[in-house]
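Everything below concerns the one structure shown next.
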Amino acid sequence: MTYYVNPYTGSTINPSQVGYESLTISQSTTLQWPINGNNANIVANIIEVTATAPNLNLILPPATQVSPGQAFIIRNLGTNAQYSFTVTDNSGNTIQTVPVSPTSTTTNTYYIYLTNNLTVNGIWSSISLGIGTSSASASALAGLGLKAINTTLNTNTVVSLVSSAYTFTSNDRAALYVWTGGAGTITLPTVGSVNAGWYTIVKNDGAGILTVSAQGSSYIDNVSTQTSVQIQIANSSVFVTDGTNWFTYALAQQNVFNYTQLLLSLTGNTNATVTLTAAQAKN
C-alpha cells in the first residue's frame with residue numbers, strides 16, 4: 001500500500017482538508033478529495049447530509065489518492081420527511097447506510113475510515129457513534145444511606161446494636177444505633193470529619209439513661225453550654241450537623257413536675273373534720 005507520510009514524524013499526511021461540509025442531495029452524488037477539486041461536494045472532516053429523495057448514494061473518490069487512516073464523520077440530518085442514504089466506495093459498493101433517525105439499535109452518525117488503498121475502491125470500515133442509550137449503575141451510585149434495588153436507588157438505614165462506649169465515624173451516616181446496655185455514653189464524630197448534613201439515629205433500648213456527647217467546641221441545639229443530651233429509656237433521637245454544631249429532632253424530653261409540700265399538724269385538734277384553705281389545697 002502507498003502511505004503518504006511525514007518523513008520526519010512518520011504521521012499520515014492528509015490531503016488539504018476541509019473541516020465541515022453541509023450537503024443537500026436530490027440525486028446520487030460523487031464526492032472529491034479537497035486537493036482534487038474546488039466544488040462543494042468534498043470529503044470534509046465532518047459531513048452533514050440531507051437527502052430529499054429515496055435510494056441515493058454518496059460515492060467516495062478513489063481510495064488510491066489518500067493514505068490508509070483517511071477518515072471522516074458523516075451524519076444524516078434528515079427528518080421523517082427526508083430519507084436515508086448510502087455511503088459507497090468509488091464503484092458504488094455499499095460501505096454504510098445512514099438512516100434518518102436514530103433508534104435504540106441504529107444511529108444517524110458514523111465514523112468511516114480507510115484501511116487499504118491498494119485499489120480504487122479501497123477497503124473501508126465504519127463505527128457507529130452515539131448508538132443506543134447510556135445508563136448509570138444504581139449499585140455503583142449507592143452510597144451511605146442508599147441501597148440499589150434493581151435499577152433504582154432507595155433510602156436505606158443500617159441497624160447496629162451497641163452496649164458499651166462508642167464514637168461515631170463518617171461511615172455511620174444514616175445508620176440507626178440501638179443502645180442495649182445500662183447507663184452509658186456514646187460520642188458524636190467531630191464536625192470536621194463529616195460533611196454538613198451528616199446525620200445518625202440513636203435509640204435507647206437499654207436499662208439505663210444514655211448520654212450522647214459532642215466533641216470539641218461543638219454544642220447541641222443552639223445552647224452554647226450544652227455539649228451532651230440524655231436519651232431516656234425507650235426513646236430516640238436524630239442527630240444532624242450543620243458543619244459547626246449539632247441539632248436534634250424527635251428527642252423526647254424528660255417531664256419535670258414542680259410541687260410544694262404542706263406539713264399540717266393536727267396535734268390537739270379536737271374537730272373530727274379539718275377543712276384546708278385554698279392556699280393549703282394547692283400544696
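The values are calculated or read from the model by the stated rules, or taken from the named source; none is laboratory data. This is a predicted model, so every value here is computed, not measured. Cβ: placed from backbone, ideal geometry, glycine included. Neighbour counts: every protein chain shown. SASA here: full protein model, heavy atoms, side chains in, ligands and nucleic acids out. Shrake-Rupley method; radii C 1.70, N 1.55, O 1.52, S 1.80 Å.
Could you go through the stretch 228-240 and let me know if any residue there is at pLDDT 95 or above, open to solvent by 30 Å² or more (accessible area, probe 1.4 Å), under 21 Å from Leu146 (Cβ atoms) and out of contact with any Gly (no Cβ under 6 Å at 6 or more places or on another chain). Within the stretch 228-240, one or more residues are at pLDDT 95 or above, open to solvent by 30 Å² or more (accessible area, probe 1.4 Å), under 21 Å from Leu146 (Cβ atoms) and out of contact with any Gly (no Cβ under 6 Å at 6 or more places or on another chain). Looking at the stretch 155-168, which of the residues that are surrounded by 12 or more Cβ atoms within 10 Å (Cβ to Cβ) and not aliphatic (A, V, I, L, M) is farthest from Tyr199 (Cα to Cα)? It comes out as Ser163. When you check Ile233 against the structure, is it under 15 Å from Tyr249 (Cα atoms) and either assigned to a loop (DSSP other than H, G, I, E, B) or of a type outside the set (Ser, Thr, Tyr) (or both), yes or no? The answer is no for Ile233.
Could you check, for the stretch 100-107, whether at least one of its residues is of a type in the set (A, V, I, L, M), within 42 Å of the chain's Cα centre (by Cα), buried (at least 18 other Cβ atoms within 10 Å of the Cβ) and part of a strand (DSSP E or B)? Among the residues of the stretch 100-107, not one is of a type in the set (A, V, I, L, M), within 42 Å of the chain's Cα centre (by Cα), buried (at least 18 other Cβ atoms within 10 Å of the Cβ) and part of a strand (DSSP E or B), which makes the answer no. Within the stretch 164-201, can you find the residues that are in contact with a strand residue (DSSP E or B) (Cβ under 7 Å, 6 or more places away or on another chain) and hydroxyl-bearing (Ser, Thr, Tyr)? Scanning the stretch 164-201 gives Ser164, Tyr166, Thr167, Tyr177, Thr180, Thr185, Thr187, Tyr199, Thr200.
The set of residues in the stretch 71-96 that are under 12 Å from Ala51 (Cα atoms), open to solvent by 30 Å² or more (accessible area, probe 1.4 Å) and among the hydroxyl-bearing types (Ser, Thr, Tyr) comprises Thr79, Tyr83, Ser84. Where strands (runs of 3 or more DSSP E) sit wholly within the stretch 157-224, those with at least 2 residues that are under 26 Å from the mean Cα position of the chain (by Cα) occupy 199-204. Sub-9 Å Cβ pairs linking a first residue in the stretch 27-43 that is over 12 Å from Val87 (Cα atoms) and open to solvent by less than 60 Å² (accessible area, probe 1.4 Å) to a second residue that is at pLDDT below 70 and in a helix (DSSP H, G or I), at least 6 apart or interchain, are Ile42/Asn36, ordered by first then second residue. For the stretch 241-276, filtered to residues that are β-branched (Val, Ile, Thr) and open to solvent by less than 60 Å² (accessible area, probe 1.4 Å), the residue that is farthest from Trp179 (Cα to Cα) is Thr241. Of the residues making up the stretch 207-224, just one is polar (S, T, N, Q) and touching a Phe, Trp or Tyr at 6+ places or on another chain (Cβ under 7 Å), namely Ser218. Screening Asn39, Asn57, Asn80, Asn90 for residues that are among the polar types (S, T, N, Q), in a loop (DSSP other than H, G, I, E, B) and modelled with pLDDT of 90 or more leaves exactly one candidate, Asn90.
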